[in-house]
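Undergrad: Following this message is one structure expressed as structure tokens.
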Amino acid sequence: MKKILIIEDEAPQRALYNTVLSDEGFEIATAASCSEAIQLTENGNYDLAVVDLKLELENGLDAIKKILSINKKTKIVIHTSYAEYKQDLQTWSADAYVIKSSDTAELINTIHNLLDEHSELNK
């Protein structure tokens, strides 16, 4: 079972992604902050992280850097409401960039595509 870390400061969003991605057959862990996400990453190996860039007190880019320094094979999906971050060179370390929507289909499809590709590379 593939493991996904969700970094999202809004509790309803975390709960939604947890439910939707669990229903897709993934093992899910959630974090409300960068520090919580880093602690989880240090204690577990995640195949993919879904990262909100605008956290309450922090920037999700900091979490991405630390996650990749711990495990450079972790796939990163930036999931944010702000399209302008696509132009930020720091976001280029991510494997995908998905704009938040009430429809989670794009996020789910992106995750499946990345993890299916990831599986093929490790065979």
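Please treat every number below as a calculation from the coordinates, not as lab data. Predicted, not measured: the structure shown is a model, and the values here were computed from it. We place every Cβ from the backbone using ideal geometry, glycine too, and count neighbours over all the protein chains shown.
Undergrad: Please identify the DSSP H helices in the chain that span no less than 20 Å along the helix axis (Cα) and have a mean Kyte-Doolittle hydropathy of 1.6 or more.
TA: none
Undergrad: While we're on this one: Which cross-chain or sequence-distant (5 or more) residues have an amide H under 5 Å from the amide H of Thr30, H modelled 1.01 Å from N in plane?
TA: Amide H to amide H, under 5 Å and 5 or more residues apart or across chains, Thr30 pairs with Ile6.
Undergrad: Any idea what the relative contact order of the range 3-121 is, in percent, if you count C-alpha pairs under 8 Å spaced at least 6 apart?
TA: 21
Undergrad: Dividing the alpha-carbon radius of gyration of the chain by 2.2 N^0.38 Å (N being the number of residues), what value is obtained?
TA: 0.95
Undergrad: So how far apart, in nm, are the two label points at Asp23 and Asn59 if each is 7 Å from Cα heading toward Cβ?
TA: 3.5
Undergrad: Please figure out what share of the DSSP beta bridges in the chain is antiparallel and state it in percent, rounded to the nearest 5.
TA: So the antiparallel bridges in the chain amount to around 5 percent.
Undergrad: Hey, what number do you get for the chain at 222 nm if only DSSP H runs of n ≥ 4 count, each worth -39500 (n - 2.57), divided across all residues, to the nearest 500?
TA: -13000 deg cm²/dmol
Undergrad: Mind checking the range 1-90 for chymotrypsin sites (Phe, Trp or Tyr not before Pro) that DSSP puts in a loop (not H, G, I, E or B) and that have at most 13 other Cβ atoms within 10 Å?
TA: Tyr82
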